[in-house]
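Asker: Can you keep this structure in mind? I'll have questions shortly.
The values are calculated or read from the model by the stated rules, or taken from the named source; none is laboratory data. None of the values given here were measured: they were computed from a predicted structure. Neighbour counts run over all protein chains shown; Cβ positions are idealised from the backbone, glycine included. Please note that ligands, DNA and RNA were not included when accessible areas were found on the heavy atoms of the full protein model with its side chains. Shrake-Rupley method; radii C 1.70, N 1.55, O 1.52, S 1.80 Å.
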Amino acid sequence: QVQLVESGGGLVQAGGSLRLSCAASGRTFSSYAMGWFRQAPGKEREFVASISWSGGRTYYADSVKGRFTISRDIVKNTVYLQMNSLKPEDTSAYYCAASIHARAGQELADFGSWGQGTQVTVSS
């Protein structure tokens, strides 16, 4: 089992930036892929980005491509989501997730451990 703790959410104006962090403990960090999802009130949880165990492969939802960057620091056991050019529609609770695979996936079923979430609010 993997324990995940997110941080870095907050309130930002449209066009601004935030960096989310997710500290992992438990299983060997370099053995599994990581991902970020988000969920707005009344909506389903949706894929945002994922990164393979080595960091060599990344995937993004079309809605964030070119604005968000996922990365991981194996020494610090931490995955990051750098969010630039934020839009009001990016407002959501953001969840960090640890995959059950080494490869990066994009489906909820690919991930077996979840953080508690951190709120991101983008004002217009």
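Asker: Is one or more of the residues making up segment 75-86 within 25 Å of ARG103 (Cβ to Cβ), basic (Lys, Arg), open to solvent by 10 Å² or more (accessible area, probe 1.4 Å) and outside any loop (DSSP other than H, G, I, E, B)? Quick ask: steps written out before the conclusion?
Answerer: Going through segment 75-86, the residues within 25 Å of ARG103 (Cβ to Cβ) turn out to be 75-83.
With the extra rule that they be basic (Lys, Arg), the set shrinks to 76.
Restricting the remaining residues to those that are open to solvent by 10 Å² or more (accessible area, probe 1.4 Å) gives 76.
Then drop every residue that is not outside any loop (DSSP other than H, G, I, E, B), which leaves none.
No, segment 75-86 contains no residue that is within 25 Å of ARG103 (Cβ to Cβ), basic (Lys, Arg), open to solvent by 10 Å² or more (accessible area, probe 1.4 Å) and outside any loop (DSSP other than H, G, I, E, B).
Asker: Are any residues in segment 35-62 in contact (Cβ under 8 Å) with a residue 24 or more places away in the chain and among the hydroxyl-bearing types (Ser, Thr, Tyr), and if so, which ones?
Answerer: Those that are in contact (Cβ under 8 Å) with a residue 24 or more places away in the chain and among the hydroxyl-bearing types (Ser, Thr, Tyr): SER50, SER52, SER54, THR58, TYR59.
Asker: Find all pairs meeting these conditions: Cβ atoms under 9 angstrom apart; at least six residues apart or on different chains; first residue within segment 99-114 and part of a loop (DSSP other than H, G, I, E, B); second residue of a type outside the set (Gly, Ala, Ser) and open to solvent by 80 Å² or more (accessible area, probe 1.4 Å).
Answerer: Every condition considered, the pairs that remain are HIS101/TRP53; ALA102/TRP53; ARG103/TRP53; ARG103/ARG57; ALA104/TRP53; ALA104/ARG57.
Rundown of residues vs (1) open to solvent by 20 Å² or more (accessible area, probe 1.4 Å); (2) in a strand (DSSP E or B), yes/no style:
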{"position": "VAL5", "(1), (2)": "yes, yes"}
{"position": "LEU20", "(1), (2)": "no, yes"}
{"position": "ALA23", "(1), (2)": "yes, yes"}
{"position": "GLY35", "(1), (2)": "no, yes"}
{"position": "GLY55", "(1), (2)": "yes, no"}
{"position": "GLY66", "(1), (2)": "yes, no"}
{"position": "ILE70", "(1), (2)": "no, yes"}
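Asker: Among residues belonging to segment 4-36 that are closer than 15 Å to GLN116 by Cβ and among the polar types (S, T, N, Q), point out the one that is nearest to the chain's Cα centre (by Cα).
Answerer: Per the criteria, the residue is SER21.
Asker: Quick one: which residue in ILE70, ILE51, ILE74 is within 22 Å of ALA14 (Cβ to Cβ) and β-branched (Val, Ile, Thr)?
Answerer: Working: ILE51 fails: within 22 Å of ALA14 (Cβ to Cβ); ILE74 fails: within 22 Å of ALA14 (Cβ to Cβ).
Step by step, each of ILE70, ILE51, ILE74 is checked, and only ILE70 is within 22 Å of ALA14 (Cβ to Cβ) and β-branched (Val, Ile, Thr).
Asker: For segment 37-53: of the residues being of a type in the set (Phe, Trp, Tyr) and within 12 Å of the chain's Cα centre (by Cα), which is least open to solvent (accessible area, probe 1.4 Å)? Let's see the steps before the verdict.
Answerer: So the first thing to find is which residues in segment 37-53 are of a type in the set (Phe, Trp, Tyr), and the list is 37, 47, 53.
In the following step, the residues that additionally are within 12 Å of the chain's Cα centre (by Cα) were identified as 37, 47.
On the way: PHE37: 3, PHE47: 28 Å².
Going through the qualifying residues, I end up with PHE37.
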